[in-house]
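Scroll down for the structure; my scribbles are underneath it.
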Amino acid sequence: MSNLDQCPSSKGKEEIPTKAPELGTVSGRKFWRSLDEYSGTPEFKEFVEREFPAGASILGEPSRRNFVKIMGAGFALAGAATIPGCRRPDRKILPYSQTPPEEVIPGKPLYFTTALPLPGGGCEGLLIETHTGRPTKVEGNPLHPGNQGKTSAMAQASVLSLYDPDRLMYPVYNNPTRGKLDATWDDFSAWQTTHFAKFDANNGAGLAFIIDKQSSPTRQRLINAVRSRFPRARFVFWNPAESRAPIDGSNIAFGSPQSVSYDFSGTQRVVSVGGDFIANGAGSVKNARTFASTRKVMQGGDEMSRLYAVESKPTSAGSLADHRFRLAPSQLHNFTIALTKAVFSLVGANASGLPDVQVDGISQHDIDEIAKDLFEHRNHSVVVPGDQLSAEGWALCMAINQAMGTMGRHVFTTAMDADLASDSAAGMRDLVGAMSTGSIDTLVTINCNPVYDAPASLGFADAFAKVANTITLDLNTSETEHASTWSLNGTHYLEQWGDVTDIDGMYSVVQPMIAPLYEPAHSDIELLSILAGDPGKHGHELVQETWASMGNTGEASWRRLLHNGFADTAGNGAASLRMSNVLMAAARASARTAPGAESMDVIFYTSNYNSGQLANNGWLQELPEFGPSVVWDNPVLVSPITAKKMGLLPEHAWQDEYNPYTKQQMPQAQLVTMTLDGREMEVALWILPGMADNTVAVKLGYGRQIVGRVGFKVGHNTYEIKPASGMLATRGAKLKKAAGTYTIASTQNHWSLAVESEASMQDSRHSLVRAMDKQWWDKHADLHKIAKDEIYGKEHEVLNLAEKIGELSHTPPNISIYDNPQNRSKRDPDPSNMEMNDALNRETPPRFAQGPQWGMSIDLNACMGCNACTVACQSENNIPIVGKNEVAKGREMQWIRMDRYFVGEDLNNPDEMIVQPVACVHCENAPCETVCPVNATVHGDEGTNDMAYNRCIGTRYCANNCPYKVRRFNFFDYAPVKFNGGLDSTYTSKEIAKQFEETVGQDRTFNQNFIPPRLRKKLDEISKMHMNPDVTVRSRGVMEKCTYCIQRVHQARQEVKIKGIWEDKDQTGPIPDGFFNSACQQVCPTDAISFGDILDPESRVAKEKDSGRSYLLLGYLNTRPRTTYMMRVRNPNEAIRVYDAHDPLDHGGHGDTHGDDGHGEAHTEQHGAAYIDRTKKIIDQGYSMSLKVLSGINA
């Protein structure tokens, strides 16, 4: 037995089998979720066989001694001294509805459009749901061309930041003699009137501004006004995670900086180079939507695009790629040169000036085949350069697009404002020099935090301390505002007026949903107006002035803008590409050598736009990162072979095997010392398959010290080693093993559907995710076969192609041993089976034959693992966060988990990555319902598996009996109490509570959940304001799970009645398809999720369930899940490789021999296209017995 915590009463009762579980295969290739599963150690065996992931059900003895430390409350955050009411803004905003009600109706939400400005430029067009004057949910604006009803995960989480009580509440003045004093905006106004008058005399000499980069016309107009008042003032426009490649590369390609946007509708071939165009950056939501539309295959012969991903670390785009190549950042530059030469040779263009290159990580043959494929599909082929490229490589990608004829067709450009295009790093470097010499008397920073995120090599913090007068406007507490003379409280985008242009030139308005919670507060444009010498103007007036300056007059145009949320000002052209300049620049750049152990390539990156400003957002902190599935941390990432060769495996690793991170109760990452450009820091290291060799990926935005309770002491501040060059990819890093390990919370092994008993290696073979090459899909798409089982003498239900390659073709027919009362049968409901209904006094068919019957379909061809659905579900359903320690024990509460699978024999270089979102699948024969002793989980008439929270007594039998592991248990009061809130002075004393906060409360390794609940601080009123009033808030001891957004179903039913769509007052259906969406369906950028009435033949979900790609997850268990999945279809280039060398329905692919009925001798592999996760034999005796019927049959 390992040293995992275990309930004392169960120790010694069951011995964990010591033989490692075998991995599933596809076409002879293994598939696995993590290093631990690949290694197959007994520790991993024990980890996945537990009822809950390690430590989830126990309070370990060491934790008892700790007694206190981090909480997992999910509605976060500390208290507010005063709680303002929910006030509408003074200026009128226009509801999204066409006929707005005259007054707010409690319980009925109103919707308003707005826009979310993105760091570095661009925006997302949003639709905000408000309840009684308070915003509660973010959706995409269905009219906005960029979003069309979809959003990113960051946009979904942004509403949580609005109600953060750790926000700045009022101005603070750091008096030179008296220290920090609470102040007011009137105090600042009086001070600045006198102070800035001296700069009028010298035209602003000694005055400097640092402003975050946003593409706002009103803000730019006011910045120009400030420049006019102070012409000698310095301006730095700051983006700490800026990549110069797109800006400098567009300058090379087009002669001036350009914002580049894409429309992948109709594209046939796409090459992604060094980036993640569908998940990161401005325009990614539109990119994801339009690209996914090219891969929606429903019938054999449907056209489908092909994606090549050439990247240094696993990305969402790479997970969807038909071919993925892992290259170090330096080799990405070489790749663009090689690809350009190959493409130009085909189109007859001259590229003789480009150097000869050797690309480490991809063969010249494969490069030539990619070029040939692009050429054969010219006019519909796009090369998408990413942030990891050099400027010259970025420009070469544009040159290829020009040669392919896609500029102005699929690729568009918009001139970039000079301030937006300015070099952040160069400007900051010059400013630091001036600050250090005493040339700057007054520094104003707006919505940025350079004391924290300026590269440490610049010495910004020391220079900042030398400036006599510093003024900082920010929404949140930060290192910069804490060190400033004046700390000014700003506004959240949902509290302010503003505007923004998208990267395609589309103009959008930012309108407030609620008056500032900590009033008075000023937005950035209002502060700029004050500094421009025009105080007293409200943001509403400033935006209207900009709108009028664009040639718009009259109230009608203004109201139309507020209603739609945008004005159609986008361009649809492309700037002229200067081919000779591009080739000359690439020739001067020359080829680059491959990295080595003594000089590694480095890529710096962020996720969900978090460069540090979102550190106090608990939803984003607890959202598993794509790839490593790490939460609450930012370890550096390397490939397995790199870690092994450099001796960086964790301390308790075996000599020739990779250590399973599950060996300890809390996964332990090895600490390493990273050296770059003469600076070094100690940081945790995490091993990630699919990383380029001799490359280290470093995530920015962590390690905050002056921040709220959620983000305090979370992760490492990697800005300490980030070079000041402004590039996100660099060379010269060294890694050295340091002493000790570092606790990491990763969800990569949580809720695994895989374990295998040593006693029977043939039992429980689960094809969880399925995929097939397009040639075989086209051949067999219309297959529907009835298979007869000779052992039982029964016929199977009709099996489509996706089911035929799964276990249902090898198992007995799904016939229950009892009649489902809502089916009146052991199988499907028969509509002709009529019985008298005494309540209705008429005969009725089975309930499941009467609509509506709700179901869901998830398309694995479109899902990219962005986790937007997870955050949307969290926001909609009041799901709390739990904190790092609780997640490490497997106690995360998210209702949707994102399972990530690697495929292939090579641990270092997997063939594929496949992601699969899993929530409650709402089984018709639900195992959870039969074991609940108090009927807390029951089945609804419309097919939903419902929870009655007030009945639940927390036995957790339902979770133990759920084969999908989708139920979540409130081990503590995660929701009702404050995250890391400490003690409630009402029950202790102010002195004791303060002492706790200053001592134990600063240590994030202690678990504050162990404090008696009555002694803990409760959730503040302001933190409760973001909760959805239509969903119950759960407390300790209650089980919860996905509800299919039942509150939305009920709301839609009432709306249908009110609108008179139903003629009969007692009618319950049908609800028109698309009349409402579940939260996950509504947010999904790739439209991978459909939800609706499965009995409506015209509904999208019904059509997808009828597709040959549709299959049941663990369908052989006869749980009859209402959520189904659509098999992935790959479109590989056969000249490079194929994944299914043989027809998946021709068993020659794996050498098995079957009888005509498909039930011959037991074999060790399933059909080639089905990914088989073989690890599901729980110790529970009842479950084990239920699998015995499969022994020797499904094999």
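What follows draws every value from the coordinates through simple rules; no lab data is involved. Because the structure is predicted, anything quoted here is derived from the model rather than measured. Here the Cβ is made from the backbone with ideal geometry for all residues, glycine too, and neighbour counts use every protein chain on show.
Things worth noting here:
- Averaging 1/r over every pair of different alpha carbons in the stretch 425-550 and inverting the result gives a Kirkwood radius of 16.1 Å.
- Inverse mean reciprocal Cα-Cα distance (Kirkwood Rh) of the stretch 950-1038, Å: 15.1 Å
- Note, ³J(HN,Hα) from phi for the stretch 515-530, Karplus 6.51, -1.76, 1.60, rounded to Hz, x at Gly and Pro: 5, x, 5, 10, 7, x, 9, 10, 7, 4, 5, 5, 5, 4, 5, 4
- If you plug the beta carbon distance of Glu1134 and Glu303 into 1/(1 + (r/R0)^6) with R0 = 25 Å, you get a FRET efficiency near 0.90.
- Principal axis box of the stretch 600-746, alpha-carbon based, largest edge first, Å: 42, 38, 26
- Label positions at Ser985 and Asp430, each projected 7 Å from the Cα along the C-beta direction, are separated by 4.9 nm.
- In this structure, Thr593 and Ser439 have a Cβ-Cβ separation that, at R0 = 41 Å, corresponds to a calculated FRET efficiency of about 0.50.
- Here the label points at Ser725 and Glu680, each 7 Å from Cα along the C-beta direction, are separated by 2.1 nm in the simple model.
- Using alpha carbons only: equivalent-ellipsoid semi-axes of the stretch 152-239, gyration tensor based, whole Å: 28, 23, 11
- Environment charge at Met947 (Cβ cut-off 14 Å; Lys +1, Arg +1, Asp -1, Glu -1): +3
- Of the GluC sites (Glu not before Pro) in the stretch 884-913, the ones in a loop by DSSP (not H, G, I, E or B) with at most 16 other beta carbons within 10 Å are Glu905.
- The trypsin sites (Lys or Arg not before Pro) found in the stretch 156-189 that occupy coil by DSSP, while having at most 16 further C-beta atoms within 10 Å, are Arg178.
- Projected-area mean, the stretch 264-409, by convex hull of Cα positions, square nanometres: 8.4 nm²
- Summed side-chain charge close to Gly249 - residues other than Gly249 whose Cβ falls under 11 Å, Lys, Arg +1, Asp, Glu -1: -2
- Against the empirical 2.2 N^0.38 Å (N residues), the stretch 1034-1103 has a Cα radius of gyration ratio of 1.30.
- Linear extension gain, Thr1005 paired with Ser1035, 0.36 nm per residue minus alpha-carbon span: 8.5 nm
- When the stretch 600-746 is described by a simple charge dipole with +1 on each Lys and Arg Cβ and -1 on each Asp and Glu Cβ, the residue from Thr743, Ile687, Ala615 located farthest towards its positive end is Ala615.
- Maximal additional length on extending the Gln775-Lys737 stretch stands at 8.9 nm, based on 0.36 nm per residue less the C-alpha distance.
- Reduced Cα scattering model of the stretch 518-631, Debye log10 I(q)/I(0), q = 0.12, 0.16, 0.23 Å⁻¹: -0.99, -1.04, -1.22
- His195-Asp1066 FRET efficiency (beta carbon distance; Förster radius 60 Å; 0.05 resolution): 0.25
- Using 0.36 nm per residue and subtracting the Cα-Cα separation, the extra length available between Ala418 and Leu143 on full extension is 96.0 nm.
- Descending Cα extents along the principal axes, the stretch 337-432, whole Å: 49, 32, 23
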